[in-house]
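Down below is the structure, laid out as C-alpha cells.
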Amino acid sequence: MVHVCGETKETGVVVPEVILPAKHVDLCKWAVVACDQWTQDRRYWEETAAIAGDAPSTLNLVFPEIYLEDGGKAARIRQIHETMRSDLANGVFAPPESGFVYVERETTGGLRQGLIAAVDLECYDWKPEARPLIRASEGTIEERLPPRMEIRRAAPLELPHVMLLIDDEADTLFGSLAGGTGPFAYDTELMQGGGRVRGRFVRDPARVMATLATLARSSPERYGSPEPFLFAVGDGNHSLATAKAVWEEYKTRHTGGLAGQGPRENPLRYALVEIVNIYSPALRFEPIHRVLLGPSSNTIDPSGAIDLSSFKIRSLTSHAALSALVRTKGNHTRFGVMQGNRYLLAEAASPLLATAILDPELEKVRAAHPALTLDYIHGEQDLFALCREGTATGFLLPPFEKKGLFDTIAKTGPLPRKSFSMGEARDKRYYLEARRINA
C-alpha cells in the first residue's frame with residue numbers, strides 16, 4: 001500500500017509501506033547487488049551464491065541478467081515467485097512500516113545519501129517525446145522489457161534497484177535529512193566489496209514532500225520549458241519502464257482499455273525507488289566506451305568505417321596521449337578510436353554528446369558487418385586491453401559532466417543509451433527493502 005499526500009500530484013511521490021527483513025536475517029547475506037551488474041562475470045554471481053548459501057537472500061528473489069540466456073527461464077521465474085510467497089509466510093520479513101527511508105551508503109566515492117520512496121507511474125514515461133515529471137535519462141530498449149514483465153506480473157513483492165536523480169545543487173532535501181534523529185532500522189556491511197549501508201525511517205514525511213514540491217515548482221524556470229521536471233532516472237531505467245508497462249497492461253485488462261489513470265489504491269500503480277541528489281560528491285558519473293568485436297573486426301579501417309567527415313582527425317602515438325586529449329575540457333566534442341597500436345583523436349566544434357554522433361554510425365557498421373558485436377565497456381584500461389591485439393576496434397568516450405544533465409534532458413529528451421554510468425558496479429544499489437505489489 002501507499003499513502004497519498006497533498007503534494008503527490010506536484011511531486012509524483014507517495015509514502016510507501018516498506019517491508020524489511022526480520023531481525024534474525026543476516027543482512028550481509030540478504031542484500032545482493034542489482035541484477036544488471038557483472039553481466040560478463042559469471043564467477044561473481046557464483047561467489048555471491050556461495051556467500052548466501054542456504055540463508056534468506058534477495059539473490060533468490062531476483063533474476064541476475066547473466067542467466068537470462070540460460071535455459072529454464074520460466075522455471076526460474078516460478079521459483080522466484082514461490083520463494084517470495086514462502087519468505088512472506090515464514091517470518092523472513094518484519095511487518096510493513098509506513099514511511100520514507102533515509103539511506104546512507106558508503107561507496108568507493110564516499111558517503112552517498114538516498115531516500116527510499118514510491119513514485120506514481122502515472123507521472124513517468126520513458127518515451128523520447130514525453131515530458132512528464134519523471135523522465136528517462138537514456139534511451140530505453142523496449143525489447144528488454146518482456147522478461148522483466150514476466151517476473152513483475154505475478155510477483156508478490158518488488159525490490160528496488162531504481163535510482164532517481166534530483167537536481168538539488170543547494171542540497172535542500174538531504175541537508176535536512178542527514179541530521180535526523182532516531183535509531184537506524186538496518187545497518188550492515190555489503191558482500192563482495194559493496195561497502196556499507198544503513199537506513200532509518202523518516203518521521204516527518206510532510207517536510208520531505210514540501211521540499212520536493214518546491215523543487216518541482218521551480219523547474220520550468222530553471223530549464224526554460226513549460227513542463228515541470230523533477231526526476232531523471234539514473235539507474236534502473238528498464239526496471240522502471242517494466243513497472244510502467246505492467247501497470248499500463250493492468251489498466252487495459254481491467255478497464256476494457258478505457259482512458260484514465262486507474263485506481264490510486266492499486267499497488268501496481270507505484271514503484272519503489274531510491275532518490276539521490278545528482279550533486280552528491282559520492283555520485284561519480286563515468287563514460288561508457290564502445291567496442292566492436294568479432295572475427296572480422298581487425299579488417300575494419302577505423303578512420304573509414306564510420307563517417308568522420310565533420311571531425312578533425314589526429315593520429316597519436318600512445319593510448320596515454322589519446323586518453324589525455326579525450327579528457328581535455330572545452331567547447332568541443334571529442335572521442336578516441338583505437339585498434340592495435342593505432343590511436344586516433346576525432347574532434348569537432350559541436351554541442352552534441354559524442355554518443356549522439358557516434359552511435360548512429362556504429363549501427364551502420366554493424367549492419368554492414370553482421371559478424372561484428374557491439375559491446376559496452378565501463379573501464380578505460382579494459383578497453384585498451386581489448387584493442388591492444390588489433391582484433392577489436394575501440395571508441396574511447398570523454399568524461400561525462402553531470403552538471404547540465406537535467407537541462408539537456410528537458411530540452412532534447414533522453415540521451416543515447418549507455419551514455420554514462422553512475423559509479424562502479426559494486427557501488428550500485430543492493431536489494432534490501434521491499435514492497436507488496438500483488439496479493
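The values are calculated or read from the model by the stated rules, or taken from the named source; none is laboratory data. Since the structure is predicted, the reported quantities are computational estimates derived from the model, not experimental observations. Quick reminder, even Gly has a Cβ in these numbers, built from the backbone with ideal geometry, and neighbours come from all protein chains shown.
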Handout entry: Filter result for the condition that a residue is under 30 Å from residue 59 (Cα atoms) and not aromatic (Phe, Trp, Tyr), over 132, 147
Key = 147
Handout entry: Spans of strands (runs of 3 or more DSSP E) in the range 57-155 with at least 3 residues outside the structural domain of residue 231 (by TED's automatic domain parsing) and without any contact (Cβ under 8 Å) to a residue 24 or more places away in the chain
Key = none
Problem - Yes/no for residue 277 being surrounded by fewer than 21 Cβ atoms within 10 Å (Cβ to Cβ), modelled with pLDDT of 90 or more and not assigned by TED's automatic domain parsing to the domain that holds residue 339 - result: no
Problem - Test for residue 168: is it under 20 Å from the mean Cα position of the chain (by Cα) and among the charged types (D, E, K, R) - result: yes
Completion exercise
Of the residues in the range 409-439, those that are crowded, with 17+ Cβ neighbours inside 10 Å and of a type in the set (Ser, Thr, Tyr) come to 419, 421, 430, 431
Problem - Test for residue 138: is it touching a strand residue (DSSP E or B) at 6+ places or on another chain (Cβ under 8 Å), among the acidic types (Asp, Glu) and closer than 19 Å to residue 236 by Cα - result: yes
Problem - Any hit, the range 378-397, residues being among the aromatic types (Phe, Trp, Tyr), out of contact with any helix residue (DSSP H, G or I) (no Cβ under 7 Å at 6 or more places or on another chain) and surrounded by 13 or more Cβ atoms within 10 Å (Cβ to Cβ) - result: no
Exercise for the section: Scan the range 268-286 residue by residue and report those that are among the charged types (D, E, K, R) and assigned to a strand (DSSP E or B). Expected result: 274, 286
Exercise for the section: Tell me, please, whether a residue that is in contact (Cβ under 8 Å) with a residue 60 or more places away in the chain, of a type in the set (A, V, I, L, M), touching a Phe, Trp or Tyr at 6+ places or on another chain (Cβ under 8 Å) and outside the structural domain of residue 39 (by TED's automatic domain parsing) can be found in the range 368-376. Expected result: no
Fill in the blank from the handout: For the range 7-28 the number of residues that are part of a helix (DSSP H, G or I), surrounded by fewer than 20 Cβ atoms within 10 Å (Cβ to Cβ) and out of contact with any strand residue (DSSP E or B) (no Cβ under 6 Å at 6 or more places or on another chain) is 1
Handout entry: Every pair of residues 6+ apart whose Cβ atoms lie under 9 Å, when the first sits in the range 241-253 and is over 15 Å from residue 437 (Cα atoms) while the second is part of a helix (DSSP H, G or I) and of a type outside the set (A, V, I, L, M)
Key = 241/142; 241/144; 241/148
Fill in the blank from the handout: Just one listed residue, out of 70, 87, is of a type in the set (Asp, Glu), over 23 Å from the mean Cα position of the chain (by Cα) and farther than 18 Å from residue 20 by Cβ, and it is 70
Problem - From 138, 106, 142, residue being within 29 Å of residue 179 (Cβ to Cβ) and acidic (Asp, Glu) - result: 106
Handout entry: helices (runs of 4 or more DSSP H) contained entirely in the range 328-434, each with at least 1 residues that are closer than 24 Å to residue 315 by Cα
Key = 354-368, 380-387
